[in-house]
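Taking it in order: structure first as structure tokens, then the write-up.
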Amino acid sequence: MIVAADDLLDWVADREALLIAAWTPAIERATGWERPFAEVLASELQNAMVTTWLNGGSERDFLRLVAQSNTGLLTHVEKAIAGRFYDVTLKLARAAVRHVRDHRSTIMAYKYGMVVGDGRTNPSHLTLQQVLLPKTHPFWLRFQPPFGMDCRCGTNLMTQSQFARSGRTITSDTDLAWIEAQLHDDWPSDFLPLLDFRKPLPIAIDAEPKVHLTAEQLAGILAAFR
Ligand SMILES: [Zn+2]
């Protein structure tokens, strides 16, 4: 299956330095290598992901490409590290791309939380499924999932009329305070610069830019013509 939409590929290619900085300490811990060697592997993995997607490949192609690069690791260790890199990086890219799409959508007014809720779900994430808020609510800049490498939580959007038909109500501030106290984020600190899905995006501007001048600025311009 080809997973790489152009915007996912763009994200992984654009975040090269941040991905290497985030993954290097994780690879150091997993391999016991010195930092420069871990950094080289992080860079190779980022490169292999971009190359794989440029060629329309999947995770299997990525793992094959990594296997050809002679990392010097035992096969199962290499596969575990590379597989982790692929899954988590794809998760980050998908969340970032989705964040931009959510932001651009003009008819989708509300956002609600979705939790898988099986045995692998972190119990502290379960309260997310009670959250339904306007899409622009600041809660989403603090608690937009995923909450960590293994988190499978997500969000979805609904229109004003879908919201009316759903019979649901907006989460109250009191409930939200309680929910926020339950939710735990476990991204390693090295990954925080990659959490684009919590970064505010610029408000869409009118297609035709309008220039607003203060009376003082206008007087200044007019004075130049006198
Ligand atoms: Zn989760």
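The values are calculated or read from the model by the stated rules, or taken from the named source; none is laboratory data. Just so you know, these numbers come straight off a predicted model, no measurement behind them. Positions of Cβ are backbone-derived with ideal geometry, glycine not excepted, and every protein chain shown enters the neighbour counts.
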Checklist outcome for this item: Restricting the range 60-83 to residues that are within 17 Å of Glu28 (Cα to Cα) and touching a Ser or Thr at 6+ places or on another chain (Cβ under 8 Å), the one surrounded by the most Cβ atoms within 10 Å (Cβ to Cβ) turns out to be Ile81
Checklist entry - Can you find a residue in the range 134-141 that is within 30 Å of Arg84 (Cβ to Cβ), within 11 Å of the ligand (Cβ to nearest atom) and modelled with pLDDT of 95 or more? => result no
Checklist entry - Which of (1) of a type in the set (D, E, K, R); (2) part of a helix (DSSP H, G or I); (3) more than 16 Å from the chain's Cα centre (by Cα) is the odd one out, the single condition Asp87 does not satisfy? => result (3)
Item to check | Condition check for Trp33: part of a loop (DSSP other than H, G, I, E, B) and out of contact with any Pro (no Cβ under 7 Å at 6 or more places or on another chain) | outcome: yes
Checklist entry - Of these, Tyr110, Tyr86, which one is in the same structural domain as Pro138 (by TED's automatic domain parsing), crowded, with 17+ Cβ neighbours inside 10 Å, at pLDDT 95 or above and hydroxyl-bearing (Ser, Thr, Tyr)? => result Tyr110
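Rundown of residues vs (1) part of a helix (DSSP H, G or I); (2) in contact (Cβ under 8 Å) with a residue 40 or more places away in the chain; (3) β-branched (Val, Ile, Thr); (4) more than 24 Å from Asp150 (Cβ to Cβ), yes/no style:
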| residue | (1), (2), (3), (4) |
| --- | --- |
| Leu8 | yes, yes, no, no |
| Leu18 | yes, yes, no, no |
| Glu28 | yes, no, no, no |
| Ser43 | yes, no, no, yes |
| Thr51 | yes, no, yes, yes |
| Gly57 | no, yes, no, yes |
| His76 | yes, no, no, no |
| Ala80 | yes, yes, no, no |
| Gly83 | yes, no, no, no |
Checklist entry - When you look at Thr174, is it surrounded by fewer than 12 Cβ atoms within 10 Å (Cβ to Cβ), modelled with pLDDT of 95 or more and outside any helix (DSSP H, G or I), yes or no? => result no
Checklist entry - Based on what the data block shows, is Arg120 surrounded by fewer than 14 Cβ atoms within 10 Å (Cβ to Cβ), without any contact (Cβ under 8 Å) to a residue 40 or more places away in the chain, within 16 Å of the ligand (Cβ to nearest atom) and not β-branched (Val, Ile, Thr)? => result yes
